[in-house]
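None of the figures in this text is laboratory data; all of them are computed from the coordinates on show. These figures come from a predicted structure and were not determined experimentally. No Cβ is skipped: glycine too gets one built from the backbone with ideal geometry, and neighbour counts run over all protein chains shown.
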Amino acid sequence: MTESTPPPRRPLATFLRASVAPSENATVPPEDVRETTVDNEVDTELDSASDDAASDSGREDIAAPDAGVEPVSADSADHSVAHDPAGDAAFRRLAEQPEAEAAPTAPSFMLAPEAPLPSPRWQWGLVAGLVVVLALQIAVADRARLAADAGSRPWIAGLCSVLRCSLPAWREPTAFSMIGRDVRPVPGLAGALQVQASFRNDARWAQGWPSLRLSLSDADGRVIGTRVFAPYDYLDPSADAAAVLEPGQSAQIAFRVREPAASTVAFTFEFL
């Protein structure tokens, strides 16, 4: 009985790749060429081993592969995905990045604010001390204006007593009270008048000697002459015009003036 002759076998590499048409624009990297060559060699060895096993078992020789069929070369192998060197390089760089750099960063407005560190207590004490020193410097520099106000003079006076600074004398002309006054002609001296006055300081603080305005009037009440006398005009040359009158202290002055007209019958005093 004669065994049927099996159909000729095609190489394994040809059988696996014959149904895929080669791509015209595909680029085969050198690695794929080496893999295809190795596959062809392995398929050839498998075919040879199969042929030897068939001849040993008494079978008839299998006809050689059809001469019209050629093995598929590595150049004609098709790849479903085209090789992109630029894409591979980008993927390689992304894989080599550290995990901290590759992790996405949240926007700044989504980040929780960091709790500020508490300031040392000595810094607050230093700031408070600097503020006090600055306030003292301003008060000392502006002490003349502050001392002219009845509300701020007490504490500025206490401050100057500690810092040994000087204050201008208190000035309150309305606090002087006229105790006595007299204007009369000088005997034996025509046209001369002798003026005498006494006054008291009723202010809460010491005051300097006031300026004094003397006005002379006639019988009809018309002012016929007026003059302002400074402390050095009515004080004795030996007296200190820069001296002050303490609260409640009284003083008496006397000086002479020229009568502007013979019709003088009245006079008034004003403290300036």
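With both residues required to sit in the stretch 155-218, DSSP beta bridges show an antiparallel share near 90%.
Each peptide in 139-150, 119-130, 154-165 receives the mean, over its residues, of other Cβ atoms within 10 Å, and ordering these scores from highest gives 139-150, 154-165, 119-130. The amide H of Trp209, built 1.01 Å from its N in the peptide plane, has Leu245 as neighbours under 5 Å, considering only residues 5 or more places off or on other chains. Here the mean projected area of the convex hull built on the C-alpha positions of the stretch 163-272 is 8.0 nm². Close amide H pairs (under 5 Å, H built 1.01 Å from N) link Asp202 with Phe176, Ser177, Gly248, residues at least 5 positions away or on another chain. For the pair Phe271 and Phe255, label points projected 7 Å from Cα toward Cβ lie 1.6 nm apart.
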